[in-house]
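Only the coordinates and a few stated rules stand behind these numbers; no lab work does. The structure presented is a predicted model; accordingly, all values stated were derived computationally and were not measured. No Cβ is skipped: glycine too gets one built from the backbone with ideal geometry, and neighbour counts run over all protein chains shown.
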Amino acid sequence: MTDLTLRHTPSSNALDSAVQRNFHWVALWLYACCAMIFAMVVIGGVTRLTESGLSIVEWQPIKGTLPPLNAEQWQTAFEQYQATPQFRFVNASMTIDEFRQIFWWEYVHRLWGRLIGFVFLIPLIVFWLTGRLDRTLRAPLVVFFLLGGMQGVIGWFMVASGLKDVPWVSPYFLTLHLGFALALYGGLFWVATTLWRGSAALITPKSVSTLARAALALVFTTIVAGGFVAGLRAGQIYNEFPLMGDGLVPTDYLSASIPWVRNFFENPAAAQFDHRLLAITTVITVLTLCGVVWRRVSDAAARVGVTLLAAMALIQMTLGIATLLSHVPVWLGALHQAGAVTLLSLAVWSVHRLR
């Protein structure tokens, strides 16, 4: 990617209009894939919030493309679900009609993942065979495709973790699944942005670009920490802000029943506090970045970008607080999830611009 972006920049005399058009077509395709991953993250959030993820107990990449088509198939799917811990311990009174509601969310989630694979693979082949894909892009994009397939495998291990002994998925697998999706999204977004605008960098002070990278790292880490909050259902406790019980730090931050290291990942009180602390740190860092860019960088696009980033950070924090105070309603939780990916997009763009 480095050789490609150094050779083909908007200011290069060697770059003719045909090559630029090819770059733009590839960039638009990758942006479309990013949009689908964005939607996938939101659909996944709704699937989790509605407790729908364990409704399909088999992983059939080909056969599973079709949903139950008649009453007999629906009954079979329902009976398979009835054998799961979630049904036995949580939804024992669920009817088949209620089962259909959670089934469809998980089905759409899986189907959308398959569609992303097709939307990525088919244009990849077409661009490759027609010579529109620069040689330096081929290997990275193949790796992205393989990682996308690995994401499906991780998703199945996540579901399988909730089909044996406990009525919920492992928070570790859930967070890994979310983090992997965000990493794929960020990587594709970066490549697409490079192809769209080239690699021409601003004359940016190193301290500014370093601060931008720190902001991006904090955004990513905060979102991933939110995966543990979701996996542990930590949003259902301490539904107040800024206090957690009688103080800023919950009294049960360290649980005596959980080893010290695992406490941060398995104790709901610790997961929520850590997510809060990371979110506040992220907002402060992003606001600082915005102020520094306005003082030290004259590029108008960079200023607009970090301003949008700062605004989105404040909006996202507000959404998080509102979600917590209202005991995590599905629509608000999904909006918070969408806000997280929007914030990540702006952070990636800002780092790209401020290189």
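In table form, for the structure just shown:
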| item | result |
| --- | --- |
| Anisotropy class of segment 22-123 from Cα gyration tensor, a/c 1.5 cut | prolate |
| Candidates VAL191, VAL57, VAL166: whichever shows maximal mean-square fluctuation once the chain is modelled as a Gaussian network with Cα springs under 10 Å | VAL166 |
| Selected from TYR81, SER170, LEU346, residue furthest toward positive end of dipole (the chain; charges at beta carbon) | LEU346 |
| Largest-first principal axis extents, alpha carbons of segment 201-355, Å | 53, 33, 24 |
| For the chain, built as a Gaussian network whose Cα springs stay under 10 Å, the top-fluctuating residue of GLY247, GLY53, GLY64 | GLY247 |
| Shape metrics for the chain, restricted to C-alpha atoms - Rg then Dmax, Å | 22.3, 70 |
| Under DSSP loop assignment and at most 13 Cβ neighbours within 10 Å, longest GluC sites (Glu not before Pro)-free interval of the chain | 59-239 |
| Calculated P(r) of segment 173-257 - Cα pairs past 18 Å, % | 65 percent |
| Relative contact order for the chain, counting Cα pairs under 8 Å that sit 6 or more residues apart, in percent | 23 percent |
